[in-house]
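Here the structure comes first, spelled out in structure tokens, and everything after it is commentary.
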Amino acid sequence: MTAAQGKQNDLNEVMVELRNVNKWYGDFHVLKNISFKVEKGERIIICGPSGCGKSTLIRCMNRLEEHQEGDIIVSGITLDDDLKHIDTIRRDIGMVFQQFNLFPHLTVMENCCLAPIWVQKKPRKEAEAIAMQYLERVQIADQAQKFPGQLSGGQQQRVAIARSLCMNPSIMLFDEPTSALDPEMIKEVLDVMIDLAHEGMTMLCVTHEMGFAKTVANRVMFMDAGEIIEENEPNEFFDNPQSDRTRLFLSQIL
Amino acid sequence: MPLLITSPSPSLPPPSSTVGVVGWLRENLFSSTINTILTLVGMYLLYSLVPPVINWALFQADWVGTTKDACTSDGACWVFVGVRLNQFLFGFYPESEYWRVVVAFSLIGILVAWLLIDRTPKKGLVGAFTIFCYPIIAYYLFYGGAFGLQVVETFKWGGLMLTLILATTGMFFSFPIGIILALGRRSSMPIAKSMSVIFIEFWRGVPLITVLFMSSVMLPMFIPENMQIDKLLRAMIGIIFFQSAYMAEVVRGGLQAIPRGQLEAAESLGLSYWKTMFFIILPQALKLVIPGIVNTFIALFKDTTLVLIIGLFDLLAVVQAAFADPKWLGFSVEGYVFVASVYWVSCFSMSRYSLHLEKKLHTGHAR
Ligand SMILES: Nc1ncnc2c1ncn2[C@@H]1O[C@H](COP(=O)(O)OP(=O)(O)OP(=O)(O)O)[C@@H](O)[C@H]1O
Ligand SMILES: [Mg+2]
């Protein structure tokens, strides 16, 4: 990463780059010629109707799904079948899921420490100190010894965010982090994400939370049927959508 | 008219007819005519069965003595079991060496208790000792041949000792092998997958009796004279493979119940396949299938009696052999009751422990 790339683009470092990415599930063409770049510190919102391939797209970036054509380059490393590359990239990308996916048999603290200890080989003491720091940041430090099953949905999602942050990632992926939550819990999770954005984290976020998008996003991408149809900065995107499909979609969610 | 409640209503105690002994009786035993009739019939059956059995087994039984003549009353003759107890416990193991068996079993008893009881320190160390050192110690204690211990050939092993050895080695090895097979069967690597499937389906498809016959009758015909392995060892391997196949399917059931998101979360944190399995998937999957695992263990424990058909003298076989003693004819009921109680106590303890474990590992409502 790389002076060469730096010169080509702006002065900013490119964190994620997709070049003509195509993916099929059997015969079903789910991602069609996707290309874009994400620079360091950028916050990208991805939205679109259900089933258009948003989850698939961001899951390709850390190889939870495999793409068949095109290149995905994360932090300068090209995703291919090399397990070492996949490992390196996964350490550098944090991911937050719609269903939280906390480990129910481990306490909040253990959830946060597991990967730092066993992947980054940090001493337990240090890992716990770091975990505590992030748990404090998501305001859940007092629940550290509880099991996920004893927490509310919003608390669980904040723990999930802290767990990802403990690996000190340079990119965070969010796949509809608030859509499994009751309305009164959405805000507490979005607040954490807004904080994160203000600290300069590079974020790719699948969400339909308009207010959040307007507050933090640099760009909004609209997907339909596996393609990126429209891309714009948030106010323009919401107030002045260009394509009919975007307009139809926005009229449905607003 | 609009409704507005300004102060909360007080909590009242439940109506008296639903609490206490009377409430319980009414609700559970006499809630309807049919229920009442069933209760009365059940009580009559208990009344006519339980006291005679207890009388026979305890109050009218003969406990002390050395010969058949000591048994004069109508009840059970436990003298028979008492006189033969050494043989029931140790088979034909030389009497002067009994202490070795006692030491070996006491040691594993202490180690297992250490691991099972909550709040004992250094569980990891003790566990590692149990897994890696104990089998070697036990081998030399039982078989001998080193440290000045005389060799006791396996055909002299028998009774409860043999039953326990077969059962514990069976559990000890079938558990990890079963886990590996279950992981193999769900693996995406075609070779690992097909080998696991073939192994599991083969061993599940044949009855244990056939396995034991094959190991004791067929196998020696194909193996050259000088490479013959011990009959007990062959039976053990047969039992282990057979039970591993069952264990594998039990564990696979647990693996399938774990949501895909768990695997994805672990992967996205950068955990490798084995670490994901070890820290995330297996602990949850095994916890789910504790009843199935214990079920398999109990079945294994009882299935060890089948070795009597290939001429190994486990507890049941030793007791049955004692029936043929002309000095003690006619005491088979006592013998069978004794064997049944030993099995029942062992299996019931396993079942209770599994319940305790399930409760202990319960970490709040799973989402
Ligand atoms: N493993 C799979 N096998 C086959 N088809 C799949 C698979 N996963 C997803 N799909 C299909 O691919 C399409 C895109 O799925 P994806 O989950 O990416 O949609 P999405 O945009 O995230 O939708 P949502 O908003 O509902 O989460 C859907 O039509 C879905 O049915
Ligand atoms: Mg989705």
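The values are calculated or read from the model by the stated rules, or taken from the named source; none is laboratory data. Note that the coordinates shown come from a computational prediction; the quantities given were computed from them, not determined experimentally. Virtual Cβ from ideal backbone geometry, glycine too; neighbours counted across all protein chains shown. All accessible areas refer to the heavy atoms of the entire protein, side chains included, with ligands and DNA or RNA removed. Shrake-Rupley method; radii C 1.70, N 1.55, O 1.52, S 1.80 Å.
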Point to revise | Qualifying residues in region B:93-104 (those that are open to solvent by 50 Å² or more (accessible area, probe 1.4 Å) and modelled with pLDDT of 85 or more) - the one farthest from B:Cys133 (Cα to Cα) | key: B:Trp99
**Study point:** Residues of region B:259-278 that turn out to be part of a helix (DSSP H, G or I), at the interface with chain A (Cβ under 8 Å from one of its Cβ atoms) and not small (Gly, Ala, Ser), as a count
**Key:** 4
Practice item. Return the only residue of A:Lys146, A:Lys125 being among the basic types (Lys, Arg), open to solvent by 10 Å² or more (accessible area, probe 1.4 Å) and within 14 Å of chain B (Cβ to nearest Cβ). Key: A:Lys146
Point to revise | Every residue from region A:105-125 that is under 22 Å from A:Val192 (Cα atoms) and in contact (Cβ under 8 Å) with a residue 24 or more places away in the chain | key: A:Thr107, A:Val108, A:Met109, A:Asn111, A:Cys112, A:Cys113, A:Ala115, A:Pro116
Check your understanding: If B:Leu3 satisfies every condition in (1) of a type outside the set (D, E, K, R); (2) surrounded by fewer than 10 Cβ atoms within 10 Å (Cβ to Cβ); (3) within 38 Å of the chain's Cα centre (by Cα) but one, which is the exception?
Key -> (3)
Review point. What pairs can you find where one residue is in region A:25-38 and at pLDDT below 90, the other is within 16 Å of ligand 2 (Cβ to nearest atom) and among the charged types (D, E, K, R), and their Cβ atoms are less than 8 Å apart, with a gap of 6+ or different chains?
Key: none
Point to revise | Filter pass, A:Asp87 being of a type in the set (Asp, Glu) and more than 8 Å from chain B (Cβ to nearest Cβ) | key: no
Review point. Can you find a residue in region A:202-225 that is in contact with a Ser or Thr (Cβ under 9 Å, 6 or more places away or on another chain), open to solvent by 50 Å² or more (accessible area, probe 1.4 Å) and free of Cβ contacts under 8 Å to residues at least 60 places away in the same chain?
Key: yes
Exercise for review: Answer yes if at least one residue in region B:250-258 is within 14 Å of chain A (Cβ to nearest Cβ) and open to solvent by 10 Å² or more (accessible area, probe 1.4 Å), and no otherwise.
Suggested key: yes
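So that you can scan it fast, the table gives a plain yes or no per residue for (1) small (Gly, Ala, Ser); (2) open to solvent by 30 Å² or more (accessible area, probe 1.4 Å); (3) within 16 Å of ligand 2 (Cβ to nearest atom):
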{"position": "A:Lys54", "(1), (2), (3)": "no, no, yes"}
{"position": "A:Glu66", "(1), (2), (3)": "no, yes, no"}
{"position": "A:Glu69", "(1), (2), (3)": "no, yes, no"}
{"position": "A:Ile77", "(1), (2), (3)": "no, yes, no"}
{"position": "A:Val96", "(1), (2), (3)": "no, no, yes"}
{"position": "A:Phe103", "(1), (2), (3)": "no, no, no"}
{"position": "A:Asn111", "(1), (2), (3)": "no, no, no"}
Point to revise | From B:Leu286, B:Leu312, residue being within 28 Å of B:Pro176 (Cα to Cα), among the hydrophobic types (A, V, I, L, M, F, W, C) and within 14 Å of chain A (Cβ to nearest Cβ) | key: B:Leu286
Practice item. Hey, can you tell me all the residues within region B:32-70 that are free of Cβ contacts under 8 Å to residues at least 60 places away in the same chain and in a loop (DSSP other than H, G, I, E, B)? Key: B:Ser32, B:Gln60, B:Ala61, B:Trp63, B:Val64, B:Gly65, B:Thr66
Revision key, fill the gap. Those residues of region A:90-111 which are within 26 Å of A:Asp182 (Cα to Cα) and at the interface with chain B (Cβ under 7 Å from one of its Cβ atoms) amount to A:Met95, A:Phe97, A:Gln99, A:Asn101, A:Phe103, A:Pro104, A:His105
Study note, to complete from the structure: Taking region A:38-76 and the residues there that are in contact with a Cys (Cβ under 8 Å, 6 or more places away or on another chain) and within 16 Å of ligand 1 (Cβ to nearest atom), the one that is nearest to the other protein chains (Cβ to nearest Cβ) would be A:Glu66
Review point. Is there a residue in region A:84-105 that is among the charged types (D, E, K, R), touching a strand residue (DSSP E or B) at 6+ places or on another chain (Cβ under 6 Å) and modelled with pLDDT of 90 or more?
Key: no
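Scan A:Phe36, A:Phe28 and give me the residue that is away from ligand 2 (no atom under 16 Å from the Cβ), under 27 Å from A:Arg245 (Cα atoms) and open to solvent by 10 Å² or more (accessible area, probe 1.4 Å).
Step by step, each of A:Phe36, A:Phe28 is checked, and only A:Phe36 is away from ligand 2 (no atom under 16 Å from the Cβ), under 27 Å from A:Arg245 (Cα atoms) and open to solvent by 10 Å² or more (accessible area, probe 1.4 Å).
Yes or no, residue by residue, for (1) within 16 Å of ligand 1 (Cβ to nearest atom); (2) within 14 Å of chain B (Cβ to nearest Cβ):
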site: A:Ser170; (1), (2): no, yes
site: A:Met203; (1), (2): no, no
site: A:Ala213; (1), (2): yes, no
site: A:Arg219; (1), (2): no, no
site: A:Glu227; (1), (2): yes, no
Check your understanding: Can we say A:Val138 is open to solvent by less than 40 Å² (accessible area, probe 1.4 Å) and either within 11 Å of chain B (Cβ to nearest Cβ) or touching a Pro at 6+ places or on another chain (Cβ under 9 Å) (or both)?
Key -> no
Practice item. Collect the residues in region A:168-183 that are surrounded by fewer than 23 Cβ atoms within 10 Å (Cβ to Cβ) and among the hydrophobic types (A, V, I, L, M, F, W, C), keeping them in residue-number order. Key: A:Ile171, A:Met172, A:Ala180, A:Leu181
Check your understanding: Which condition number does B:Asn28 fail, the rest of (1) within 34 Å of the chain's Cα centre (by Cα); (2) closer than 19 Å to B:Val333 by Cβ being met?
Key -> (2)
Review point. Could we say that B:Ser244 is surrounded by 22 or more Cβ atoms within 10 Å (Cβ to Cβ) and more than 25 Å from A:Phe97 (Cα to Cα) here?
Key: yes
